[in-house]
Structure formats: structure tokens, C-alpha cells
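A short worksheet on the structure shown next.
The values are calculated or read from the model by the stated rules, or taken from the named source; none is laboratory data. From a predicted model like this one, the values you see are computed outputs, not experimental measurements. We place every Cβ from the backbone using ideal geometry, glycine too, and count neighbours over all the protein chains shown.
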Amino acid sequence: MAATYRVGEGYDVHRLEEGRTLRLGCVTIPCGFGPLGHSDGDVLAHALCDAILGALALGDIGSHFPPHDARWAGTDSRRFLEHAVTLARDRGAEVANVDATVVLERPKLAPYIAAIRDELAAVFGCASSEVSVKAKTAEGLGPIGEGRAIEARAVVLLRLVAE
Ligand code: MG
């Protein structure tokens with residue numbers, strides 16, 4: 001039987017503030033600022049979670065983890081991703097590949113990209129070569145360019161392996 005695929009896309013944005021911890025793709029990026037958020041504010045993990053949920057047509061991260069629920073205060077967003085991956089596995093789907101872009105004025109993410117890809121691949125249960133993470137600046141434009149926000153976009157392809 002031919003493989004069946006489902007595609008999903010995700011997007012997230014968070015404000016940045018001094019004194020917060022910057023987490024991206026389940027990796028801590030050492031700098032003096034980070035996202036405001038109910039959880040750890042990991043925009044990349046949130047965009048990827050929404051992409052998986054979107055591929056499954058199972059709503060969005062907020063419908064699975066209500067943002068004002070005290071249980072998710074300060075939560076490591078790996079937990080959200082693991083939940084989405086479990087929902088996919090329950091439906092006979094596995095991550096075929098993902099492609100994501102983080103938009104952030106600073107710091108430069110190049111030194112951290114390999115670690116982020118490895119972390120995400122471990123969560124998804126796929127090879128790091130199936131996980132693409134790209135980084136861009138906003139060229140100084142708008143709130144991201146002014147260093148007041150961070151954004152992530154992601155596309156996930158799920159392969160249905162059951163049946
Ligand atoms: Mg978010």
C-alpha cells in the first residue's frame with residue numbers, strides 16, 4: 001500500500017523580556033533575555049506542536065493545554081511536543097520530516113542549531129537529518145527587529161505507517 005502523508009503548519013510569537021530564560025527547540029540559549037509566557041515560552045516547540053496537531057486536525061496547543069491552567073505554569077515545552085507525538089503515534093503516524101524557521105534579532109543561533117535538531121529528533125523519534133531548523137533576523141524591522149519579540153514557523157510532514 002502506498003504511504004499516506006499528512007502535512008501541518010504551525011506559528012508562534014512571544015514577547016521578549018530581560019531576565020527570562022531563552023528556550024528554543026528544548027535547548028537553553030544563554031543570553032540575558034527570554035520569552036514571556038505561561039510555560040517556558042519555547043516558540044519553536046510551540047510552532048512544531050501546532051504543526052503536528054494541525055496535521056492530525058486535532059486543534060491547537062491552546063485547546064490541549066489551556067494557557068491559564070496552573071498545571072502548565074513554567075512547563076518545559078518538551079511535554080507539549082511529546083503529547084503531540086503521542087497523539088500521532090496513537091493514530092499510526094510518525095514524523096517524516098520537519099522544517100522550521102526562527103526569527104530573532106539576536107543572539108546568533110548558528111552555534112545552537114545542531115543541538116536543537118538533535119533534541120527535536122529525539123522527541124520525534126526520527127533522525128536529525130529529518131529535522132531542519134533555520135534562523136533569520138528581521139533586519140531591524142518591527143518588534144522582532146527591535147528585539148522585543150521572537151517568532152517561529154514550522155511545517156511537519158507525518159507518515160501514516162499503520163493499516
Ligand atoms: Mg507559545
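Tell me which residues, restricted to region 1-22, are out of contact with any Leu (no Cβ under 8 Å at 6 or more places or on another chain), of a type outside the set (A, V, I, L, M) and farther than 17 Å from I61 by Cα.
Of everything in region 1-22, those that are out of contact with any Leu (no Cβ under 8 Å at 6 or more places or on another chain), of a type outside the set (A, V, I, L, M) and farther than 17 Å from I61 by Cα turn out to be E18, G19, T21.
In the set V102, V85, which member is closer than 21 Å to A127 by Cα, assigned to a helix (DSSP H, G or I), away from the ligand (no atom under 12 Å from the Cβ) and touching a helix residue (DSSP H, G or I) at 6+ places or on another chain (Cβ under 9 Å)?
The match here is V85.
Give me the pairs, please: first residue somewhere in region 60-78 and over 8 Å from H38 (Cβ atoms), second residue anywhere and part of a loop (DSSP other than H, G, I, E, B) and away from the ligand (no atom under 12 Å from the Cβ), beta-carbon distance under 8 Å, and either six or more positions apart or on two chains.
H64/L58; D76/C26; S77/C26; R78/C26
Say whether the condition of being within 10 Å of the ligand (Cβ to nearest atom), under 18 Å from R153 (Cβ atoms) and either at pLDDT 95 or above or buried (at least 18 other Cβ atoms within 10 Å of the Cβ) (or both) is met by at least one residue in region 17-34.
Scanning region 17-34 turns up no residue that is within 10 Å of the ligand (Cβ to nearest atom), under 18 Å from R153 (Cβ atoms) and either at pLDDT 95 or above or buried (at least 18 other Cβ atoms within 10 Å of the Cβ) (or both).
Which of the residues belonging to region 54-71 are buried (at least 19 other Cβ atoms within 10 Å of the Cβ) and either over 16 Å from the mean Cα position of the chain (by Cα) or within 12 Å of the ligand (Cβ to nearest atom) (or both)? Spell out the reasoning first.
Start the filter on region 54-71 by keeping residues that are buried (at least 19 other Cβ atoms within 10 Å of the Cβ), which leaves 54-55, 61, 65.
Once the filter is applied, which keeps residues that are buried (at least 19 other Cβ atoms within 10 Å of the Cβ) and either over 16 Å from the mean Cα position of the chain (by Cα) or within 12 Å of the ligand (Cβ to nearest atom) (or both), region 54-71 yields I61, F65.
For Y5, only one of the following conditions fails: (1) loosely packed, with under 14 Cβ neighbours inside 10 Å; (2) part of a loop (DSSP other than H, G, I, E, B). What is its number?
Answer for Y5: the failing condition is (2).
Out of all the residues in region 44-53, is one or more assigned to a loop (DSSP other than H, G, I, E, B) and within 13 Å of the ligand (Cβ to nearest atom)? Steps first, please.
Taking region 44-53 first, the residues assigned to a loop (DSSP other than H, G, I, E, B) are none.
Within region 44-53, none of the residues are assigned to a loop (DSSP other than H, G, I, E, B) and within 13 Å of the ligand (Cβ to nearest atom).
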